[in-house]
Amino acid sequence: MWTDYREGELPPVGFYDAMDSVIKKWNIRYSRIEGGCEVIPGAKQRYEPNNQRYFRQLEQQFGKDWRQRFNAEVRILDSVLHKTTADRIR
């Protein structure tokens, strides 16, 4: 499982919706932990060994460039969702 420990400022509105949609589409086992604004030394690093093992499995399944393709798909969907939200506000 990919444990995404997030520290600091939250991403823009819609980013998590886009990411969650792509995660579901790719059938990735994923867990998000919001660490908050205060950075706690070592908190994020405790998840890295398991993440690296899972990322190697994803690389075998989707290819070496899986992360770049995944991030690109999230960015595209985020921009679509952000535009749709902005259009509804007008």
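What follows is calculated from the coordinates using simple rules that are stated; it is not laboratory data. The shown structure was predicted, so the numbers you read here are calculated from the model rather than taken from an experiment. Every residue, glycine as well, gets a Cβ built from its backbone with ideal geometry; the counts of neighbours run over all protein chains shown.
Between 70, 11, 54, whose Cα lies farthest towards the positive end of the dipole of segment 8-75 when Lys and Arg beta carbons carry +1 and Asp and Glu beta carbons carry -1, centred on the Cα centre? Positive-most Cα among the choices belongs to 54. A cut-off under 12 angstrom between Cβ atoms defines the neighbours of residue 56, and their net charge, with Lys, Arg +1 and Asp, Glu -1, is +2. Only DSSP H runs of four or more residues enter the estimate; each adds -39500 (n - 2.57), and after division by the residues of the chain the mean residue ellipticity at 222 nm equals -19000 deg cm²/dmol. Extending 7 Å from Cα along the Cβ direction at residue 79 and again at residue 28 yields two label points whose distance is 1.9 nm.
Between residue 61 and residue 37, the contour length at 0.36 nm per residue exceeds the alpha carbon distance by 5.2 nm.
Residue 6: net charge of surrounding residues, Cβ under 12 Å, Lys/Arg +1, Asp/Glu -1, itself excluded? Here the count lands on -2. Residues of segment 1-32 with an amide N closer than 18 Å to a point placed 7 Å from the Cα of residue 50 along the Cα-to-Cβ direction: 1-7, 28-32.
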